[in-house]
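Quick notes on the structure that follows.
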Amino acid sequence: MRSAASALLGALDGPTREAATYPFTDDAARRWLEYRPRPRPGACLADLDRAGRKAVHRLLATALSPHAYAQAMTIIALEEVLDRAEGWRRGRHSGDYWIAIFGTPDSDEPWSWRLEGHHLSVTMTVVGDLVSPAPLFFGANPARVDYAGRPVCRPLAPEEDLARALLESLGPAGRAAAIVDDEAPADIISATRPRVSGPVEPLGVDAARLGPTGRALLDQVVALYLDRLPPELAAREAARISGGGLHFAWAGPTGPGHRHYYRIQGDDLLIEYDNTSVDGNHAHTVLRRPASDFGDDVLAAHHARGHR
């Protein structure tokens, strides 16, 4: 990751490199999460040459597993599909993604980077050899493109299908505990806030109440989100939350084609999924660490060592 970030900076010309780089101490720019089409810090991929864009892709690939990298590339390409569906009115384009690097990758000091645009936000904070990989947001609009009733493109299919299988496995009593509202919220609860404000109440069914099939499926859903990361990072995150409690909550109708929402909560873990359109075809998903987003955990340990 350090090598790929340094190579990216070397591939950018002076003005573009200046637009892409910020001091690590610029908290307003560094602690940023915005998955809507809004202005954002950094350098736009549309303004980079081919070498610069490829360097961005190589950096992104250090943060994502192969299947999650494919999801991210599909999410980016869907901007062109959405622009066509909207009659080309909003000028959406697959180059409207922005890279920002905070601090100096080839130094011993903490640094971070983010690639972000509509429905994609990947933030990695690096301290020494430790990587803190959150927030990590994937969305899709449209979430599904069909031909003759069959899916042509459905980048977040596992995130929906596994959760539905989990809900179905719970049986009537378990579903009654898991379903916390007949209507889905308008968006994910954590939204674009740089910090998850206070503890988000752990609603729904406690994993300790699940049978073997339900618990196995819940573990699979958690693993799905952690496996967006490369194997070493995913294993570290799995070890970090191992042994802690989990809750699973669902809101909205249980059948496909309707707005629905779920979340999974654990010790410093928040997974959210929301399909936000009336026809259930516009998905948002996020993996967050409410107590240690944007590297707060590794930064606290770094500062404690430095001031011991």
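The values are calculated or read from the model by the stated rules, or taken from the named source; none is laboratory data. Just so you know, these numbers come straight off a predicted model, no measurement behind them. Heads up, the Cβs are rebuilt from the backbone with ideal geometry, glycines too, and the neighbour counts pull from every protein chain shown. SASA here: full protein model, heavy atoms, side chains in, ligands and nucleic acids out. Shrake-Rupley method; radii C 1.70, N 1.55, O 1.52, S 1.80 Å.
Here are some notes:
- Neighbour net charge for residue 177 - beta-carbon separation under 15 angstrom, K R +1, D E -1: -1
- Normalised alpha carbon radius of gyration of the chain [divisor 2.2 N^0.38 Å]: 1.00
- Loop-resident trypsin sites (Lys or Arg not before Pro) (DSSP state other than H, G, I, E or B) in region 184-292 with no more than 15 further Cβ atoms inside 10 Å of their Cβ: 195.
- Backbone geometry of region 45-58 corresponds, through the Karplus equation with coefficients 6.51, -1.76 and 1.60 at θ = phi - 60°, to 3J(HN,Hα) couplings of 4, 5, 8, 8, 7, 4, 4, x, 5, 5, 5, 5, 4, 5 Hz, x marking Gly and Pro.
- Across region 254-293, the residues whose backbone nitrogen lies under 16 Å from the label position 7 Å along the beta-carbon direction of residue 161 are 256-257.
- When only the Cβ of Lys, Arg, Asp and Glu is charged (+1, +1, -1, -1), the dipole of the chain relative to its Cα centre reaches about 280 debye.
- Remark on region 219-306: ratio of C-alpha radius of gyration to 2.2 N^0.38 Å is 1.29.
- Solvent exposure of the chain amounts to 44 Å² per residue of accessible area, where only protein heavy atoms count and the probe is 1.4 Å.
- Per residue, the convex hull around the alpha carbon atoms of region 103-251 comes to 164 Å³.
- Gaussian network model of the chain, Cα within-10 Å springs - most flexible of 152, 126, 221: 152
- Calculated [θ] (222 nm, deg cm²/dmol) that DSSP helices of n ≥ 4 give over the chain, each run adding -39,500 (n - 2.57): -11000 deg cm²/dmol
- Calculated FRET efficiency for the pair residue 219/residue 74, C-beta based, R₀ 30 Å, to 0.05: 0.70
- Those chymotrypsin sites (Phe, Trp or Tyr not before Pro) in region 58-105 that DSSP places in a loop and that have at most 14 other beta carbons within 10 Å: 88
- Volume per residue of the C-alpha convex hull in region 6-70, rounded to whole Å³: 120
- All C-alpha to C-alpha distances of region 30-103, sorted into 5 Å bins beginning at zero, yield P(r) values of 3, 14, 21, 26, 23, 10, 3, 0, 0 percent in whole numbers.
- Region 2-105: trypsin sites (Lys or Arg not before Pro) in DSSP loop, at most 15 other beta carbons within 10 Å: 89, 90
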